[in-house]
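Accompanying notes for the structure given below.
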């Protein structure tokens with residue numbers, strides 16, 4: 001199954017309230033799409049604060065929860081947690097994170113994030129350069145309305161299609 005797999009899926013999130021079911025969906029999606037690995041990228045609270053994304057648990061508590069859930073997971077998809085941002089212990093611009101991750105992991109590169117994240121990062125200075133190097137996968141609800149910048153790059157992103165929908 002994973003012999004012909006290629007590419008890396010980066011999952012950007014707070015992981016504050018991540019569940020087994022969410023991880024299961026991500027792994028199913030990754031297997032269906034044929035990715036070779038999934039890299040979970042929890043962001044430090046300083047980055048989240050600067051993005052105006054509320055979080056009540058500190059980085060390391062969220063990291064512990066994610067490690068625990070991954071250890072209990074029965075999926076065969078190679079997965080790991082990149083803790084680079086936690087080592088920095090400060091605000092990390094999205095373009096810095098993406099540059100670091102895309103240099104470190106196998107291409108092609110796909111980034112999964114929710115609609116709130118996507119909407120915010122698309123307004124940042126380095127977004128137009130970064131979107132040319134990655135494919136964005138946006139987990140959005142029925143009421144998602146992409147902003148003008150995301151609309152400009154519709155050919156570089158897609159909406160999440162849950163494997164449960166098949």
Expressed in nanometres to one decimal, the distance between label points 7 Å along Cα→Cβ at residue 104 and residue 89 is 1.8 nm
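Restricting to DSSP H runs of at least four residues, report the calculated mean residue ellipticity at 222 nm for the chain, -39500 (n - 2.57) per run over all residues, nearest 500 deg cm²/dmol.
Working: 8 runs with 66 residues, N = 166.
Estimated from H runs of four or more residues: -11000 deg cm²/dmol.
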GNM of the chain, Cα pairs under 10 angstrom: of 94, 138, 53, the biggest fluctuation goes to 53
Taking a label point 7 Å from the Cα of residue 72 along Cα-to-Cβ, the residues of the stretch 15-52 whose backbone nitrogen sits under 14 Å from it are 17-24
per DSSP, antiparallel bridges as share of beta bridges in the stretch 8-165, % nearest 5, sits at 0 percent
Under a Gaussian network model of the chain whose springs join Cα atoms within less than 10 Å, the largest fluctuation of 111, 38, 55 belongs to 55
Reduced to Cα centres, the span from the stretch 2-68 to the stretch 74-151 in Å works out to 11 Å
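Could you give the Stokes-Einstein D for the chain in µm² per second, using the C-alpha Kirkwood radius, 20 °C, 1.002 mPa s? The partial results should precede the final answer.
Numbers: Rh = 16.2 Å.
Roughly 132 µm²/s, to the nearest whole number.
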When the chain is treated as a Gaussian network with springs between alpha carbons less than 10 Å apart, the largest mean-square fluctuation among 54, 108, 42 is found at 54
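Read the figures in this text as sums done on the coordinates, not as results from a lab. Predicted model only: the values in this text are computed from it and were never measured. Glycine gets a Cβ as well: all are built from the backbone with ideal geometry, and neighbour counts include every protein chain shown.
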